[in-house]
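A.B. asks: Below you will find the structure I want to go over with you.
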Amino acid sequence: MEILNWIDNKISEIQSTVLFGRYFDTTTMEEGIGDYDFFNKQLGIDITIREDRTVRAIHFYSGLQQGVNQFVDELPFRLKFSLSRKETRLLLGMPSKTGGGDHNILYGTTPPWDKYSYENYYLHLQFLPDTQGMDLITVFSLKG
């Protein structure tokens, strides 16, 4: 999947691609705390850019977040937001790490999640509280 090749590449190298244009031509880069973002709420996708202008992460949204639509194009690894935790594990195998359900004073109960390690990136799946679907899919750099 072409978009996974964006991880750790300079934004200047991917901005001219058709796929970048499809997702982000109508957006501008916004400055965050220590990084930058291109966020297309209409298409349910964003990318996080480090200060050195390399791609740190790509987020695919389920549409359950307020004001953000569901990403409807092809997801990595043939995933679908409707897949349960059990189904994703049948598809991808057992995750390298798993968590969630902890209570955080700022955020309340953290959602259940699974993390898969690959050669060039991590795949992080955030599930709904009942684990019968996914809320957010993130691909992020091994470099953090």
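Computed from the coordinates by the stated procedures, all read-outs in this text should not be read as laboratory data. Given the structure is predicted, the values throughout are model-derived calculations rather than measurements. All Cβ positions, glycine included, derive from the backbone under ideal geometry; neighbour counts span all protein chains shown.
A.B. asks: If you find the alpha carbon centre of the range 78-138 and of the range 1-71, how far apart are they in angstrom?
C.D. replies: Here the two parts' Cα centres lie 20 Å apart.
A.B. asks: I would also like to ask the following. Which pairs in the list Lys10/Lys97; Lys97/Lys143; Lys41/Lys115; Lys10/Lys143 are over 26 Å apart, alpha-carbon to alpha-carbon?
C.D. replies: Lys10/Lys97
A.B. asks: For the range 9-49, rounded, prolate or oblate, judged on the Cα gyration tensor with a ≥ b ≥ c (square roots of eigenvalues), a/c < 1.5 rounded, else prolate if a/b > b/c?
C.D. replies: Judged from the Cα gyration tensor, the range 9-49 comes out oblate (a/c at least 1.5, b/c at or above a/b).
A.B. asks: Take every Cα-Cα distance within the range 1-136, group them into 5 Å bins from 0 onward, and report for each bin the whole-number percent of pairs it holds.
C.D. replies: Pair shares across the bins are 2, 9, 18, 21, 21, 17, 10, 3, 0.
A.B. asks: Using a Gaussian network model of the chain whose springs link C-alpha atoms within less than 10 Å, name the residue from Asp46, Asp37, Asp102 with the highest mean-square fluctuation.
C.D. replies: Asp102
A.B. asks: While we're here: Determine the shape class of the range 56-144: with a ≥ b ≥ c the square roots of the Cα gyration tensor eigenvalues, call it rounded for a/c under 1.5, and otherwise prolate if a/b is greater than b/c, oblate otherwise.
C.D. replies: Values: a/c = 1.24, a/b = 1.11, b/c = 1.11.
Rounded.
A.B. asks: Contour minus end-to-end for Thr109 and Arg53, with contour as 0.36 nm per residue of separation and end-to-end as the Cα-Cα distance?
C.D. replies: Values: separation 56, 0.36 × 56 = 20.16 nm, distance 3.32 nm.
Difference between extended and current length: 16.8 nm.
A.B. asks: OK, next. Just in the range 85-144: which chymotrypsin sites (Phe, Trp or Tyr not before Pro) are loop by DSSP and have at most 12 other Cβ atoms within 10 Å?
C.D. replies: Passing sites in the range 85-144 are Tyr107.
A.B. asks: Just subtract the alpha-carbon distance of Leu92 and Asp35 from 0.36 nm times their residue separation and send over the number in nm, one decimal.
C.D. replies: 17.5 nm
A.B. asks: Please list, or write none, the aspartates and glutamates whose alpha carbon is within less than 17 Å of the alpha carbon of Lys86, excluding same-chain residues fewer than 8 places away.
C.D. replies: Leaving aside aspartates and glutamates fewer than 8 places away in the same chain, those within reach of Lys86 are Asp114, Asp130, Asp135.
A.B. asks: Which value, in debye to the nearest 20, gives the size of the charge dipole of the chain about its Cα centre, when Lys and Arg are +1 and Asp and Glu are -1 at the Cβ?
C.D. replies: Magnitude of the dipole: close to 440 debye.
A.B. asks: Can you pull the one-decimal nm distance between simple spin-label points at Leu4 and Arg78, each 7 Å off the Cα toward Cβ?
C.D. replies: Distance between the two pseudo-spin positions: 1.3 nm.
A.B. asks: Kindly provide the helix-only [θ] at 222 nm of the chain, computed as the sum of -39,500 (n - 2.57) over DSSP H runs of four or more divided by all residues, to the nearest 500 deg cm²/dmol?
C.D. replies: -3000 deg cm²/dmol, from helical runs alone.
A.B. asks: Loop-only check: which trypsin sites (Lys or Arg not before Pro) in the range 1-75 are DSSP coil with at most 16 other Cβ within 10 angstrom?
C.D. replies: Numbers: sites: Lys10, Arg22, Lys41, Arg50, Arg53, Arg56; in loops: Lys41, Arg53.
Here the trypsin sites (Lys or Arg not before Pro) that fit, given the DSSP loop and packing criteria, are Lys41, Arg53.
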